[in-house]
Amino acid sequence: MFTVFLCVLTTVHIVGSASEVLFSDDFSSGELESNWILYGDPQPRILDSLGVTPPCFNNNGDSMFGSGVFSREVFKIGEGLRVECDMYLECAERGTWVTATLAIVTPDFRDERTQRDFSIARMEIFYSGELDWGTPHRQCVLQLASGDCEGVNFRYEQYHQNQLLNNWHTYCIEINEDRLVTFFINDSLIVSSPVMIPDTVETVRIQLGNRSSDWGIALHDNLVVYRP
């Protein structure tokens, strides 16, 4: 059975300081392959002209099947895990099919087509303009999700979040020691998931990327993985 918990409550909280940095990447090395496994066509790339500060990661995906990266390193989640990343989304008002994603995935993740089976927590911002014929007026959409990879899932979605467009914001996913997931934007708590990550998931990778089109751009920068 496939169960979805949908939540619309938003509260505020300040994220505490992390005690241990496990991994970070500001993409200033000029190459991706040493820390990341690339997927998609066209492949993602480093963009020298933008970022906080430049350079930054450009998912560079097509409008149907996203491009991106997932970390070569795997991280244990038994003692909790926090992942932060700055993301930027820009899209023309009529446009669509532009998405920025920060996700925590199981080690078997390989590309966007496998995300349903191997994603355990993800934050996405995307734009639905007039060209998105099914839902043309949602504008900027914030979508948060977590699940146990076995059919029990939590999803939180808000439309018309245009304050998230055209500027950098810090997105954060935290898995606590009880394996519950909490989502933050700019240090403010957005929502907590009631779905526990199963103890069969011991290690994870970090995924960045998703779709792009001629209508806009999706960027990522300053990825940091913490032990809370």
Exercise. Of the residues that sit in segment 27-51 and are among the aromatic types (Phe, Trp, Tyr) and assigned to a strand (DSSP E or B), which one is modelled with the lowest pLDDT?
Worked result: Tyr39
Seminar exercise, completed: For segment 152-191, the count of residues that are polar (S, T, N, Q) and surrounded by 20 or more Cβ atoms within 10 Å (Cβ to Cβ) equals 2
Problem set entry | Verdict on Ser24 being loosely packed, with under 13 Cβ neighbours inside 10 Å and at pLDDT 95 or above | yes
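The values are calculated or read from the model by the stated rules, or taken from the named source; none is laboratory data. These figures come from a predicted structure and were not determined experimentally. Note that each Cβ is placed from the backbone with ideal geometry, even for glycine, and that neighbours are counted across all protein chains shown.
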